[in-house]
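Take a look at the structure below.
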Amino acid sequence: MSEKTLTDDARVGAAEAPPAAASSKRWWILAVIAVAQLMVVLDATIVNIALPSAQADLGFSDGNRQWIVTAYALSFASLLLLGGRIADLFGRKTAFLIGVVGFAAVSALGGAANGFGMLVTARALQGAFGALLAPTALSLLNTTFTDARERARAFSVYGAIAGAGGAVGLLLGGVLTDTFDWRSTLYVNVAIAVVAFAGGMALLHNHRDAGNAKLDVPGTVLVAAGLFSLVYGFSNAETHDWGSPLTWGFLIAGVALLAAFAWWQTKAKYPLLPLGILMDRNRAASFLAVLISAGGMFGVFLFLTYYLQLNLGFSPTKTGVAFLPMIGGLMVTAQIGTQILVPRFGPKVVIPLGFAVSAAGMAWLTDIGVGSSYLSAVLPQLIITGLGLGLVMPAAMQMGTGGVTADEAGVASATVNAMQQVGGSIGTALLNTLAASAATDYLAGKDATSKLVQAQATIESYTTAFWWSAGMFAAGAVIAFLLFRKGVPQQDANAAPVVHM
């Protein structure tokens, strides 16, 4: 592995020790970094709750709605690895402040959107600035906290912010939409950014590792174009069908571009993703587990949000609260899985078990109907799905970054996050396509003006998405069982702590 890789920004050493002034204010620096990270994590879910209101206000189609979610996740994933290299070249304080200001500006742009195009552009730009903020925040933690015990505490706080951000986003999105309107879920970032920017200006120092580092421009172009082509191809299947060149053409192009990216990473002097990190069997299996679980989970959030609001009549705030039991179940089994089960039984047992439990929960969720009750037809299923995902995602993230050297910690963390965002992007696009097709098929030959028929068509679309999510989780159980090695993984005492965004 090259000395100068993207992981330079994750390296901790005497040469990068922060000035004494910064060190004495390290806990204030942690607070500033945590505020910025909360802003990035919130936007992965906060807009989901407001999406039905935004769709009604701006009048975009069901086929286009998934792009409001996908545009953010796709640009975030595509540019995440590049963000760390930019911090190397121009300095971490500079990268942090640019990321905060840019994120706030494009959030305001989204809040002022007068149509679908303006909103989806703003969401894509949010993802781009988030991809600059996330790795910069990670490297700032590494350079600010040099004492091992304090670093562990700092990373614990940071990890809690990252883990709880999704749940906070769901709840905050509902409260803001009910109290004001859907635009406030974007405008709120401006207020958060003011706090982060003021703290960053006062407390941060501009550490940089420019050296001989260069931006891998060809790699960035190849991976961004490849991911876009894949997601766009899946999304086109809804409007053009699977036999259209706009569907299979983009899918083939996406695979070819990603293959070219993999080849280029073996040749590039400063690769975005050194392929050696994928060679460990458990790590590669973990990346796949994160990809699959994110694909299924994003579908739950998107389609269940619409079901709760449009079919059961929940307010945005009540919808956010309705998801909390799932998040609560996930957090409980996350602690049990990573601290008790994986150290005792290993990932080959725990992660497939989690996938199987989640698959059962999603399959049970397909029993929903037009007049179903949340308490009987949604709540138990959500809790079970959350319990299963809690055994999968944290353990897979831990395994995906376990056993790496300090030089590999940053790129391992970035890759895990990229898998999560790519899985969410592709899963959302694919599930939205399948759901829309199911609704269209159900309406064929029926009275499409009947409200009862229309309501049942939406149920068909939701249950189709839930069945496919269950299928993804079932496939994940099989893949995880086949790929993970037997036994309990050995922990490297010298490995650098890694945070998952």
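In order along segment 277-286, phi translates into HN-Hα couplings of 5, 8, 6, 5, 5, 5, 5, 4, 5, 5 Hz, rounded to whole numbers, per the Karplus curve 6.51 cos²θ - 1.76 cosθ + 1.60 with θ = phi - 60° and x for Gly and Pro.
Any chance you could run the full-extension gain for Val194 through Val478? It's 0.36 nm times the residue separation minus the Cα-Cα distance, nm to one decimal.
97.6 nm
The label-point distance for Ala202 and Arg344, in a model that sets each label 7 Å from Cα toward Cβ, rounds to 4.8 nm.
Close amide H pairs (under 5 Å, H built 1.01 Å from N) link Arg485 with Asn282, residues at least 5 positions away or on another chain.
Could you calculate the contour length gain from Asp367 to Leu275, that is, 0.36 nm times the residue separation minus the distance between their Cα atoms, to one decimal place in nm?
Details: separation 92, 0.36 × 92 = 33.12 nm, distance 4.34 nm.
28.8 nm is the gain from fully extending Asp367 to Leu275.
At 7 Å along Cα-to-Cβ for each site, give me the label-to-label distance between Ala284 and Thr266 in nm. Output for this residue pair reads 1.3 nm. If a/c stays under 1.5 just call it rounded; otherwise compare a/b with b/c (prolate if a/b is bigger, oblate if not). Do that for segment 40-150, with a ≥ b ≥ c from the square roots of the Cα gyration tensor eigenvalues. Judged from the Cα gyration tensor, segment 40-150 comes out prolate (a/c at least 1.5, a/b above b/c). To the nearest 10, the accessible area of Met39 is 0 Å² with a 1.4 Å probe. Peptides 53-65, 101-113, 343-355, 443-455, ordered by how many other C-beta atoms sit within 10 Å of their residues on average, highest first, read 343-355, 101-113, 53-65, 443-455.
The values are calculated or read from the model by the stated rules, or taken from the named source; none is laboratory data. This structure is a prediction, so every number in the text was calculated from the model and none was measured. So basically every Cβ, Gly included, is an ideal-geometry build from the backbone, and we count neighbours across all protein chains shown. Note: areas computed on protein heavy atoms with side chains; ligands, DNA, RNA excluded. Shrake-Rupley method; radii C 1.70, N 1.55, O 1.52, S 1.80 Å.
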